1. What's the number of the only condition in (1) at positive phi; (2) at pLDDT 95 or above; (3) surrounded by fewer than 18 Cβ atoms within 10 Å (Cβ to Cβ) that Leu342 fails to meet?
2. Let me confirm something: among Val242, Val199, Val173, which residue is touching a strand residue (DSSP E or B) at 6+ places or on another chain (Cβ under 8 Å) and either open to solvent by less than 30 Å² (accessible area, probe 1.4 Å) or small (Gly, Ala, Ser) (or both)?
3. Output the number of residues of region 399-431 satisfying the condition of being at pLDDT 95 or above, assigned to a helix (DSSP H, G or I) and closer than 21 Å to Leu154 by Cα.
4. Being of a type in the set (A, V, I, L, M, F, W, C), open to solvent by less than 80 Å² (accessible area, probe 1.4 Å) and over 18 Å from Gly227 (Cα atoms) is true for just one of Cys66, Cys21. Which residue is that?
5. Kindly evaluate Met141 against the criterion of being within 19 Å of Leu359 (Cβ to Cβ), open to solvent by less than 40 Å² (accessible area, probe 1.4 Å) and either without any contact (Cβ under 8 Å) to a residue 24 or more places away in the chain or touching a helix residue (DSSP H, G or I) at 6+ places or on another chain (Cβ under 6 Å) (or both).
6. Kindly indicate whether Ile188 is within 30 Å of Ser64 (Cα to Cα), among the aliphatic types (A, V, I, L, M) and in contact with a helix residue (DSSP H, G or I) (Cβ under 9 Å, 6 or more places away or on another chain).
7. What number goes with the only condition from (1) more than 22 Å from Pro222 (Cα to Cα); (2) out of contact with any helix residue (DSSP H, G or I) (no Cβ under 6 Å at 6 or more places or on another chain); (3) at pLDDT 95 or above that Val294 does not pass?
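The values are calculated or read from the model by the stated rules, or taken from the named source; none is laboratory data. Please read all numbers here as calculations on a predicted model, not as lab measurements. Glycine also receives a Cβ, built like all others from the backbone with ideal geometry; neighbour counts cover every protein chain displayed. With ligands, DNA and RNA removed, areas are computed over all heavy atoms of the protein, side chains included. Shrake-Rupley method; radii C 1.70, N 1.55, O 1.52, S 1.80 Å.
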Amino acid sequence: MERSFESWEKEVIRCIRCGSCQNVCPVFRELQAESTVARGRVKLIRGVITKDLSLTEGFISKMSLCLMCKACVTNCPSGVKVDKLVEAARKEIVDQKGLSSLKKLIFRFILKNRWVFDTGMSTGRILQKLVFRPGPGGQGMLPRMPLGIDQRRLLSPLASKPLKAMYPQVVKVTNPRLRVVFFTGCMINYIYTDTGRAVVNVLNRLGIDVVIPKLQNCCGTPVRMNGDYGTAREMARANIDVLLQEKVDSVVVACGTCGLALKEEYAELLQDEPRYAERAKHLGKMVKDFTELVVSLGDFKENIGELPLKVTYHDPCHLVRGLNVKEQPREIIKQIPGVAFLEMKKPDTCCGSGGSFSLTHYELSTKINNHKVEDILQTGAEVVVTGCSACRMHILDGLHRQEAGMGVMHTAQLLEMAYEAKEGIKTGIKI
């Protein structure tokens, strides 16, 4: 049976109101309001559960002011699952108030239907030059007019061709040691195809057949995070069916958010569905981040060329605190000859992206991002490496605002450059 909102009361009473969350919450750091930190949100949620409060516009607004970065969860001495509580509150809001017309259109018609999503992206690819203007120095693009996006925001353009259209369903090698499915996610498929190509190329170099299912779709995290659990379940079921069709050793992801959805959150969403509960768990056991798989092979260090670069690394929230992947990307970076690895003071603090958070709360997200950019700049690095496309875009926006000319790339791209350097292939920083 689906868990009721009231059943979360046992979780909210675990909060001892110690204030540890105040030290790590990026939103509280900027707003300094008790209602915008974990213990404040938990108190509000408890009030709604006990019927002392109702689902007012103020409550709804406070629930939206959460990046879901999990910093409070990691640092809570009582182990309160604040992110799950906020999700439950958002679901209750949708159950009682419904979705806006715009969200219904995006979630239930566009994101859920792969062919509609593909068609929309194809149309956007054609029209983007009319709607956006080139960014400074040819980097990214800026909105020409208000479109629900702040006109100061630097965005990355849609790629000329989706990643899935660049490859056959199976990218084979001679005498493969492994066979994996690559779950591309939306941003890698439609925008950062350079990351996707690097993942495929590196895995092929390491003797791995890469399956890229044409029917895979959005992981559904934006839908679930906004409280539309019904649609999120449909999307989870569809992806499970597609991904488990293939006989493979692992399901590889290059995005912490997608990885967390496939590894843990599908099983939570579908725990009451006999047909899918066990299949979701089985899928979860197969999921590996790109860096996890590469490092586990050991011999990735062979045939790496020299890259004279100063590099720093940003830990995406869902990768470091969700999938617990922290050391693997650093091991890859440190194994590349010539690379000077320069650690930030706080590499795992949220960059302020939070998926759609940076679209709906741009002013606040930029303030959070400013701290991340300052931390990046103080390292003296030339390149920022990360494991999340959303972080990549948001950090690029922050660097643009501070007029810092730095490259931002995925770990897979850096490793691909190192292999190419060994072969004498001229490399360049791809932004």
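1. Every listed condition holds for Leu342 apart from (1).
2. Of the residues listed, the single one that is touching a strand residue (DSSP E or B) at 6+ places or on another chain (Cβ under 8 Å) and either open to solvent by less than 30 Å² (accessible area, probe 1.4 Å) or small (Gly, Ala, Ser) (or both) is Val199.
3. So the answer is 0.
4. Cys21
5. yes
6. Considered against the rule, which asks whether it is within 30 Å of Ser64 (Cα to Cα), among the aliphatic types (A, V, I, L, M) and in contact with a helix residue (DSSP H, G or I) (Cβ under 9 Å, 6 or more places away or on another chain), Ile188 comes out as yes.
7. (2)
Quick grid of which residues meet (1) open to solvent by 10 Å² or more (accessible area, probe 1.4 Å); (2) more than 30 Å from Glu374 (Cβ to Cβ); (3) modelled with pLDDT of 95 or more:
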| residue | (1), (2), (3) |
| --- | --- |
| Val223 | no, yes, yes |
| Asp249 | yes, yes, yes |
| Val287 | no, yes, yes |
| Val320 | yes, no, yes |
